[in-house]
Each structure stands twice: as structure tokens, then as C-alpha cells.
Amino acid sequence: GQQVMQIPQYQHVQEGEDFTTYCNSSTTLSNIQWYKQRPGGHPVFLIQLVKSGEVKKQKRLTFQFGEAKKNSSLHITATQTTDVGTYFCAGPLSGVELIFGQGTELSVKP
Amino acid sequence: NAGVTQTPKFRVLKTGQSMTLLCAQDMNHEYMYWYRQDPGMGLRLIHYSVGEGTTAKGEVPDGYNVSRLKKQNFLLGLESAAPSQTSVYFCASSYYGYTFGSGTRLTVV
């Protein structure tokens, strides 16, 4: 079946360092979404990418959708302690339901 | 604007007991979902609904039933709880991007 894989599973960085998580799908996606889940919290929608090669920025966060629409990445510049949490990518299965990647857990050391 | 509200927040069940998890949204969304989250496995879709009176199976539906009698409510039922159903359950609704509830932490002993 369709799979969405994320790497790495964990990432530990020093505050101020950059961070990148990668998402790969076994099939072409119509769109890809990114979510952030703080420890003990619930996933919160960050952004949706639709177009091939699309790049979107939100302050220090840069999101990219691959040309083949099968991969995506999230890059955080100069991490802060407020960036701590698990970042999930998700793609639509056959309609409205999303398949989530396993997530990348980011920890930031002050 | 409350968004998506889940009740209860915590629950401990004995094996074989039944319970219903309640999800309510006030955003007039057509689509609603139930996911479970287990360590290292991300979020897995249990059931979903594309509108009042409709439900459909997701990736891991066994042992669960759902109902969507009103547009704003989506109920998840466990008829005979098993330890393998120990998990954190999230309800979500969507129009553009998912809005998640705060979750129900369920332990089956």
C-alpha cells in the first residue's frame, strides 16, 4: 500500500543550528501537508504544498515539494527551543484521508 | 471558537469493557477523522466520515465502530477493549488542513 516515510526519526541539535527533515512517498502526491506536535500536545497544521517544485517559507521554516511530487522537506534555520516537537508530513491516500509519516522528533539543547 | 473538542481526556478500561469517545467540532466541517497514535508509528487512521450519516474504514478499523449522526459529532466506540487498543486517540476535522482535538489517552489493562 501507499507509504509515507520520514527521516531521520530523531534529531538532536544545539540551539542556533539548522535542522532538516525529509519525507518520501511511494506514490505521487496531489499535495503534502506538514504538522507540528509539541510534547504532550496534538498535531497542529503548518502548511500545505500543492505544486511541483513549490517552496514556501514561514519565518525560519522553509518547506519544499519535490519536482516529481514524491518527496518533501522541512528546513528550520537557526533552531530555537520553541521549535522542539515532532514534525510530521502527510499525504492524501485516495481522497480526503491523510497518510502520516512516522515523524521526526526534534530536540534543541540551549 | 472551540475548534475540535474530545472527551474524555483520560480513561482506564479493563479488558472486555466498552466505551465511547466523543468528538465535537464547531467549524461546520464536512470531513471528520479518528486516528490513533502509538510510539514510533505516527498517526494511523481508524475511521473517517465525509459527511453526516456516512462513515468509512481507514487503515486500522478492527475493534472499533463509529457513528456520525450529526454533522458536528463523530463518535468512536470500542465494543470489547483489548490491551492492544492502549493508545492516544485523536479526532480531527478538515476543510483545508486538519484541525485536531487535544486527544484521549486510553489505557486498557
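Over the Cα atoms of segment A:37-85, the radius of gyration divided by the Kirkwood radius equals 1.02; this is the Rg/Rh ratio. At what distance in angstrom do the alpha carbon centres of segment B:52-109 and segment A:48-110 lie from each other? Cα centres, segment B:52-109 to segment A:48-110: 25 Å.
The equivalent ellipsoid that matches the C-alpha gyration tensor of chain A spans semi-axes of 23, 15, 12 angstrom, in descending order.
If packing is taken as the average number of other Cβ atoms within 10 Å across a peptide's residues, how do A:73-81, B:11-19 rank, most packed first?
Descending mean neighbour count gives A:73-81, B:11-19.
Listed by Cβ neighbour count within 10 Å, with the fewest neighbours leading, A:C23, A:C89 appear as A:C23, A:C89. Rg and Dmax of segment B:12-69, based on Cα coordinates, read 12.6, 36 Å. Shielding by partners for peptide B:29-39, expressed as the average number of C-beta atoms from other protein chains within 10 Å of each residue's C-beta, is 2. Within 10 Å of the Cβ of each residue in A:90-103, the mean number of Cβ atoms contributed by other protein chains is 5. Annotation: lysines with alpha-carbon distance below 20 angstrom to A:K70 (same-chain offsets under eight excluded): A:K51, A:K56, A:K57. Report note on the peptides B:31-44, B:68-81: ranked by the mean count of other C-beta atoms within 10 Å, highest first, their order is B:31-44, B:68-81. Within 10 Å of the Cβ of each residue in B:84-91, the mean number of Cβ atoms contributed by other protein chains is 1.
Throughout, read-outs are computed from the coordinates displayed, never taken from laboratory work. These numbers were taken from a predicted model, which means no experiment stands behind them. All Cβ positions, even for glycine, are placed from backbone atoms using ideal geometry, and neighbour counts span all protein chains on display.
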